[in-house]
Amino acid sequence: MIKFQELKEGDYVLAENDGQAWEGEVTDFNHDEKEICVFTGVQDFWFRDENLFPLPLDEKQLMKLKFSKHVNDDGTVKYMKGAFRIQTPSQDDFSHFEIWYRDEKRIMTQPIFVHQLQNHYLEMTKVHLTDDEI
């Protein structure tokens with residue numbers, strides 16, 4: 001489950017209802033009812049936060065977000081989107097890593113989720129991280 005206050009418009013989540021799950025994008029909020037509107041690729045549906053789950057951050061998700069990948073000589077892996085960088089200690093190891101944008105650097109000491117990366121990206125670049133090309 002994702003807490004209502006953690007989400008921002010544009011965040012990517014996994015929405016579940018009646019045993020079905022869809023990856024989607026948060027498009028709106030109903031603060032009175034604590035409901036979140038998610039576009040599932042076909043149409044918008046309203047969900048309560050207990051029906052929304054985070055997407056684990058991994059290479060597959062970064063590729064969906066249009067990051068490019070570079071494997072360094074020392075085995076570390078750098079993912080890039082514009083001037084924003086993510087560096088992992090090795091292939092498929094997102095247990096701890098660094099992110100940076102221009103002169104701001106952050107060290108992640110534990111795995112994070114896609115919506116959390118989107119929130120870091122927004123704080124650092126002032127632009128929301130989407131699957132659009134730069």
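When you filter the trypsin sites (Lys or Arg not before Pro) in the stretch 1-110 for DSSP loop state and at most 11 other Cβ atoms inside 10 Å of their Cβ, you are left with Lys3, Arg102.
Exceeding 28 Å between C-alpha atoms, which entries from my cross-link table qualify? They are Lys8/Lys69; Lys3/Lys60; Lys34/Lys60; Lys34/Lys66; Lys34/Lys78.
Details: Lys8/Lys69 26 Å; Lys3/Lys60 24 Å; Lys34/Lys60 30 Å; Lys34/Lys66 31 Å; Lys34/Lys78 38 Å.
Pairs exceeding the cut-off: Lys34/Lys60; Lys34/Lys66; Lys34/Lys78.
Grouping the Cα pair distances of the stretch 4-53 into 5 Å bins from zero gives a pair-distance distribution of 5, 24, 40, 22, 8, 0 percent in increasing distance order. Measuring nothing but how far apart in sequence close Cα pairs (under 8 Å, 6+ apart) lie, relative to its length, the chain scores a relative contact order of 19 percent. Residue by residue through the stretch 18-24, what is 3J(HN,Hα) from phi via Karplus (6.51 cos²θ - 1.76 cosθ + 1.60, θ = phi - 60°)? Round to whole Hz and write x for glycine and proline. For the stretch 18-24, the Karplus-derived couplings read 6, x, 9, 10, 9, 7, x Hz, x marking Gly and Pro.
Averaging the sequence gap over all C-alpha pairs within less than 8 Å and six or more residues apart, then dividing by the number of residues, gives the stretch 4-53 a relative contact order of 32 percent. Compute the angle between helix 114-125 and the longest alpha-carbon principal axis of the chain, please, reported from 0 to 90 degrees and rounded to the nearest 10. Roughly 60 degrees between the two axes.
Phi-derived couplings, Karplus 6.51 cos²θ - 1.76 cosθ + 1.60 at θ = phi - 60°, listed residue by residue for the stretch 29-38: 9, 10, 5, 5, 9, 6, 10, 10, 8, 10 Hz, with x used for Gly and Pro.
The GluC sites (Glu not before Pro) of the stretch 1-74 meeting both criteria, a DSSP state outside H, G, I, E and B (loop) and at most 13 other C-beta atoms within 10 angstrom of the site's C-beta, are Glu9, Glu33.
Taken together, the values in this text are just the output of simple stated rules run on the coordinates, not laboratory data. Every value quoted in this text rests on a predicted model; they were computed, and no experiment measured them. All Cβ positions, glycine included, derive from the backbone under ideal geometry; neighbour counts span all protein chains shown.
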